[in-house]
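A short write-up of the structure that comes next.
The values are calculated or read from the model by the stated rules, or taken from the named source; none is laboratory data. Keep in mind the model is a prediction, meaning the values are calculated, not measured. Methodologically, a virtual Cβ is constructed for each residue, glycine included, from the backbone with ideal geometry; neighbour enumeration extends over all protein chains shown. We work out accessible area using only protein heavy atoms, side chains counted, and drop any ligands, DNA or RNA first. Shrake-Rupley method; radii C 1.70, N 1.55, O 1.52, S 1.80 Å.
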Amino acid sequence: MSFIIAFIWSFVLWLVLTAGTRGMLWSAEELIAGIIFASIVAFSTRNIIGEKTTRFLNPLRWFGFVVYAMGPLFWGMVKANLDVAYRVITGKIKPGIVKVPVDLENDAQYTILSNSITLTPGTLTIDACPEEKALYVHWIHVTEEEPKTSEIVAGSFEKWARRLGK
Amino acid sequence: MIFSEFFYGMIGVALAGFVTLARVMLGPSVPDRVVGVDTLNTLIVAGMILLGAAYDRVIYIDIAIVYALLSYIGTLIIAKYLQEGLE
Amino acid sequence: MIEIIIYAFLAVSVTFNILGSLSLHRFSDVYTRLHGATKCTTFGTIFVVFAVVLHSIWQLRETNNPKYLQMALHSIVALIALMLTNPTGAHAIAKAAHLSGYKPAKAVIDAYERKIRGEAQ
């Protein structure tokens, strides 16, 4: 099963990188070479990938990722950059490292949430502790020293991460 | 055929690269220099994409993809070395 | 018309790239420098890729040359690689700097320090 997943992903990446070799589509040689190379990659990584990655084959989930990247994440990045610009010009900072409790289940959700936190206003993830259910976040302008939820740091991203990584 | 608008963008990115390079040279501690090098890697990827569009060559953008992935591995190795030393 | 939009995207990207590199000199310790560097350069590169994609779609309509389709697709792949790896690299540097003993300057609270010392005792 993990062979098939790895094969599909490497073949899709090959198709994206070699589009336009005959007209706007693919020539037969490129397709055959892609099948051979994708088989080699899938055979050599079949023990590393694992069974749980089946859930990332669901096209609805990929649609969710695209909506998330275009909507809330991009808007968060715009706000983050205006915030950093303001702080570079005025130099008004009040830094600190706070512990933020989160309610997530698996590693994919932690990865999505901490990467989103790093790209959004005023915060930078330093460490994730799944056993404590907490993230340690460097905050450039601390307003609350011991937050009870992730609402004040991450806004709505925790809900998105829970839905996307399920 | 050369597209000049991307050259002007490239000049700006190169200026940012020189400012970052000053931090890499001045930086008082090792993590400061690592932050500078990480920033410089991102700027080089942006510059390669701009030059690829300016010179009309797709191969520069392919090199940018490979450079992004490899420089990430380099950053991770330096971070691991800072954390506990290479064993 | 489309050239004006490309110039606007490039101006935004150059502004934020220069701001990100200036933030390395403006702030005083590793963590606050990482804030400026990571966010601003990632945002700048996003707008570089927008400009290149817009330019190549326009050239594809004018010349019908598949080279421009490749240019758009490959820049999007480079952007995805950069957006996945950049925050992870920043996290690795921040954690390594903290564990090797560089404390945040002028911090009002340091919960991570408390956790490490609690484990050591």
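From the list C:Ala97, C:Ala72, C:Ala90, the one residue that fits, being more than 7 Å from every other protein chain (Cβ to nearest Cβ), in contact (Cβ under 8 Å) with a residue 12 or more places away in the chain and open to solvent by less than 40 Å² (accessible area, probe 1.4 Å), is C:Ala72. The condition of being more than 9 Å from chain C (Cβ to nearest Cβ) and open to solvent by less than 10 Å² (accessible area, probe 1.4 Å) does not hold for B:Ala14.
Among the residues making up segment C:53-69, a single one is in contact (Cβ under 8 Å) with a residue 24 or more places away in the chain, surrounded by fewer than 20 Cβ atoms within 10 Å (Cβ to Cβ) and within 23 Å of A:Phe74 (Cα to Cα): C:Leu54.
Results for (1) closer than 28 Å to B:Phe6 by Cβ; (2) at the interface with chain C (Cβ under 7 Å from one of its Cβ atoms), shown as yes or no for each residue.
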residue: B:Val45; (1), (2): yes, yes
residue: B:Leu50; (1), (2): yes, yes
residue: B:Ala53; (1), (2): yes, yes
residue: B:Arg57; (1), (2): yes, no
residue: B:Ala68; (1), (2): yes, yes
residue: B:Ile73; (1), (2): no, no
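Taking the criterion of being open to solvent by less than 90 Å² (accessible area, probe 1.4 Å), small (Gly, Ala, Ser), in a loop (DSSP other than H, G, I, E, B) and touching a residue at least 40 places away in the same chain (Cβ under 8 Å), would at least one residue in segment A:27-46 satisfy it? No; the residues of segment A:27-46 include none that is open to solvent by less than 90 Å² (accessible area, probe 1.4 Å), small (Gly, Ala, Ser), in a loop (DSSP other than H, G, I, E, B) and touching a residue at least 40 places away in the same chain (Cβ under 8 Å). The residue that is modelled with the lowest pLDDT, among those in segment B:17-36 that are in contact with a helix residue (DSSP H, G or I) (Cβ under 6 Å, 6 or more places away or on another chain) and either more than 7 Å from chain C (Cβ to nearest Cβ) or open to solvent by 20 Å² or more (accessible area, probe 1.4 Å) (or both), is B:Gly27. Look at C:Ile4 and say whether it is closer than 23 Å to B:Leu15 by Cβ, more than 8 Å from every other protein chain (Cβ to nearest Cβ), surrounded by fewer than 20 Cβ atoms within 10 Å (Cβ to Cβ) and among the β-branched types (Val, Ile, Thr). Yes, satisfied. Out of everything in segment C:23-51 that is more than 10 Å from chain B (Cβ to nearest Cβ) and modelled with pLDDT of 85 or more, what residue ends up being farthest from the chain's Cα centre (by Cα)? Of everything passing the filter in segment C:23-51, C:Phe50 is farthest from the chain's Cα centre (by Cα).
Considering segment B:9-44, and only residues there that are farther than 23 Å from C:Lys95 by Cβ and in contact (Cβ under 8 Å) with a residue 24 or more places away in the chain, the residue that is farthest from the chain's Cα centre (by Cα) turns out to be B:Gly9. Among the residues of segment A:1-17, those identified as under 20 Å from C:Leu69 (Cα atoms) and aromatic (Phe, Trp, Tyr) are A:Phe11, A:Trp14.
Okay, residues lined up against (1) open to solvent by 50 Å² or more (accessible area, probe 1.4 Å); (2) of a type in the set (Phe, Trp, Tyr); (3) within 8 Å of chain C (Cβ to nearest Cβ):
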position	(1), (2), (3)
A:Asn58	yes, no, no
A:Val66	yes, no, no
A:Lys79	yes, no, no
A:Gly96	no, no, yes
A:Val100	no, no, no
A:Asn106	no, no, no
A:Leu124	no, no, yes
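Among the candidates C:Thr45, C:Thr32, C:Thr85, the residue that is in contact with a Pro (Cβ under 9 Å, 6 or more places away or on another chain) and crowded, with 20+ Cβ neighbours inside 10 Å is uniquely C:Thr32. The set of residues from segment A:86-124 being of a type in the set (Asp, Glu) and either in a helix (DSSP H, G or I) or touching a His at 6+ places or on another chain (Cβ under 7 Å) (or both) comprises just one member, A:Asp107. Residue-level analysis places A:Thr90 outside the set of residues that are modelled with pLDDT of 80 or more and within 8 Å of chain C (Cβ to nearest Cβ). Scan (1) surrounded by fewer than 23 Cβ atoms within 10 Å (Cβ to Cβ); (2) assigned to a helix (DSSP H, G or I); (3) not aromatic (Phe, Trp, Tyr) for the single condition B:Arg57 breaks and write down its number. In the conditions (1) surrounded by fewer than 23 Cβ atoms within 10 Å (Cβ to Cβ); (2) assigned to a helix (DSSP H, G or I); (3) not aromatic (Phe, Trp, Tyr), B:Arg57 misses (2) alone.
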